[in-house]
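Here the structure is laid out as structure tokens; the discussion comes afterwards.
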Amino acid sequence: MLKREKKVAVTGIGMITALGCSAPECWGGMLAGTSGIARIRRLDVSDCITQIGGELPDRYYEMEEQAFSRRLFKQTEVTTRLGILCGREAMADSGFSVEGRDPLACAVISGSGQTGYEETFDLNGEPGKFAIIQQMANALSGWLSIEYGFQGPSYNVATACASGAFAVAAAYRHIASGAGEAVLVIGVDAMVSPRAIKGFNQLAALSERNDDPQAASRPFDLERDGFVLANGGAALMLESEAAARRRGARIYALISGAGLCSESYNIVAPEPSGTAMAQAMTLAMQDGEIAPEQVQYISAHGTSTPHNDAAETAAIKKAFGEQARRLAVSSQKSMTGHTIGGAGAIECATTALCLHHGVITPTINYRTPDPRCDLDYVPNTAREAKDLTFALSNSFGFGGHNSTILIEKVR
């Protein structure tokens, strides 16, 4: 058992979304207020009600072909490959290596809602040679632990839209408890497919703004009509703060608290009062031993669905009281779309970059205020925030899985 540490350093970031094939590209797109949403081109969705989504850039598929051996490509499916590429970028960005360290102190934790099953069967509907290992939800963490020689625990967390954030929380707690020294954590999903779109349409969860895709994801706006399904993921290399400083690592930000709870309300709908969401935020602040008055920014779950955005706004007011009016709140999903298991990791990584650079990413497509959503949502344009010190990143998943991560600036 290593020494307990309350703060965990983010030393590497990898990210692939509809905005770009690397963390710098995605970050640049967010700062510019760019939408990655368009009409779906790579799949036939002509019989779907919703025909828009956040597909990965065409260049991603060229990267895939170059990055994987023929055998490894066949043994994996798109979600796993996407997660591996995010993980590789985070590792390279961090400069971390297991060499000279105890491999048992290095872990891999992934968060993913589900695998892309369509890819694992042939045209006759028969399973391919590698169907079983392709479909394993834990394949991503397994492949990365093999690639980098990490022999600490490797596993996958599945809590729907909160999977990536729950994985970050598990990684933070693993290091903060003294159980390990480093964790490569990845949140990812690649669920844009006719089957998934039809399923979410059955739940009336998706935007049907096919004629104006770039304006379809509009969190907290009065005219929001559902979220936009997207592919994407992010990886964060997390290390104990002491270990990161010993090796002279560049530290983007520190994770210093996590709050997790369940709503016990409905399998898909958020509890309208926001009580449990507020509890997640309060637990994160208590874990980090800070007062609500110290928080300046919230990276919202902000899906662009009528019920979620109203409930999250109510939750922020419950957790912060009058301080809620002084908070900046924004949703990166307005630009990336909703990447399900990837969302929490993307948003934690982006929040770390906000603290590192002293700037807050915007909520784009915010045009018509909603009386139920009356906070400062950083509308349409990125905002300089050089004094930004403490921020929360919210993720709430189907099943009532609520999570909040507390992230702070390096001082």
Ordered by fewest other Cβ atoms within 10 Å, a rough proxy for footprinting exposure, LEU203, LEU82 read LEU203, LEU82
Computed from every Cα-Cα pair in the chain, P(r) in 10 Å bins starting at 0 and rounded to whole percents is 5, 25, 36, 24, 9, 1, 0
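Over the residues of segment 1-115, compute the C-alpha Rg and express it relative to 2.2 N^0.38 Å. Show your work: numbers first, answer last.
Working: Rg = 17.5 Å, N = 115, 2.2 N^0.38 = 13.4 Å.
That ratio works out to 1.31.
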The distance between the Cα centres of segment 377-411 and segment 141-205, in whole Å, is 19
Zone reached by a paramagnetic label modelled 7 Å from ASN380 Cα along Cα→Cβ, restricted to segment 266-304 with backbone N below 20 Å, covers 304
Within segment 151-181, the residues whose backbone N lies under 14 Å from a label point placed 7 Å from the Cα of ALA242 along the Cα-to-Cβ direction are 175-181
Quick shape check on segment 258-408: root eigenvalues a ≥ b ≥ c of the Cα gyration tensor, a/c under 1.5 is rounded, otherwise prolate if a/b tops b/c, else oblate, and it reads rounded
Looking only at aspartates and glutamates whose Cα falls under 12 Å of LYS74's and that sit 8 or more positions away or on another chain, we get GLU64, GLU65, GLU119
Counting sequence-distant residues (5 or more places) and residues on other chains, those with an amide H built under 5 Å from that of ILE52 are ILE40
Most exposed first, judged by fewest Cβ atoms within 10 angstrom, PHE200, PHE68 run PHE68, PHE200
GLU65 and GLU293 label points (each 7 Å along its Cα→Cβ direction) are spaced in nm at 6.0
Here, SER177 and MET136, labelled 7 Å along Cα→Cβ, have an inter-label distance in nm of 2.3
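For ARG372 and LEU104, compute 0.36 nm times the residue count separating them, minus their Cα-Cα distance, and round to one decimal in nm. Present the calculation step by step, with values, prior to reporting the outcome.
Numbers: separation 268, 0.36 × 268 = 96.48 nm, distance 4.91 nm.
Length gained between ARG372 and LEU104: 91.6 nm.
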Any lysines whose Cα falls less than 29 Å from that of LYS409, other than same-chain ones fewer than 8 residues away, would be LYS3, LYS6, LYS7, LYS317, LYS318, LYS333, LYS386
When the chain is treated as a Gaussian network with springs between alpha carbons less than 10 Å apart, the largest mean-square fluctuation among GLN66, GLN286, GLN294 is found at GLN66
Under a Gaussian network model of the chain whose springs join Cα atoms within less than 10 Å, the largest fluctuation of ASP58, ASP189, ASP376 belongs to ASP58
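So what is the calculated 222 nm ellipticity per residue for the chain, using -39500 (n - 2.57) for each DSSP H run with n of 4 or more, over all residues, to the nearest 500 deg cm²/dmol?
Details: 13 runs with 133 residues, N = 411.
So the helix-based figure for the chain works out to -9500 deg cm²/dmol.
Using 0.36 nm per residue, how much length does the chain from LYS129 to VAL268 gain when fully extended, once their Cα-Cα distance is taken away?
Details: separation 139, 0.36 × 139 = 50.04 nm, distance 3.52 nm.
Extra length from LYS129 to VAL268 when fully extended: 46.5 nm.
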Classified through the alpha carbon gyration tensor (a ≥ b ≥ c as square roots of its eigenvalues; rounded if a/c is under 1.5, else prolate when a/b is larger than b/c, else oblate), segment 140-179 comes out oblate
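Using a cut-off of 15 Å between beta-carbons, work out the net charge of the residues near SER35 (Lys and Arg +1, Asp and Glu -1, SER35 not included).
Summing Lys/Arg as +1 and Asp/Glu as -1 gives +1.
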At 37 °C and 0.692 mPa s, the Stokes-Einstein diffusion coefficient in µm²/s for segment 8-246, with hydrodynamic radius from the Kirkwood sum on alpha carbon pairs, is 176
With a ≥ b ≥ c from the Cα gyration tensor eigenvalues, square-rooted, and the rule rounded for a/c under 1.5, otherwise prolate when a/b > b/c and oblate otherwise, segment 160-274 is prolate
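What does the charge dipole of the chain about its Cα centre add up to, to the nearest 20 debye, if the Cβ of each Lys and Arg holds +1 and the Cβ of each Asp and Glu holds -1?
Working: 36 positive and 44 negative charges, 180 e Å.
The calculation lands at about 860 debye.
Taking only complete DSSP H runs, can you tell me which helices of the chain stretch 20 Å or more along their own long axis by Cα positions and average at least 0.0 on the Kyte-Doolittle scale? Don't jump to the answer; show the numbers that get you there.
Working: long enough: 78-94 (24 Å, 0.31); 306-320 (22 Å, -0.50); 343-357 (21 Å, 0.84).
Correct list, ordered by number: 78-94, 343-357.
Bear in mind these aren't lab numbers, they're just calculated from the coordinates by the rules spelled out. Quantities reported herein were computed from a predicted structural model and do not represent experimental measurements. Note that each Cβ is placed from the backbone with ideal geometry, even for glycine, and that neighbours are counted across all protein chains shown.
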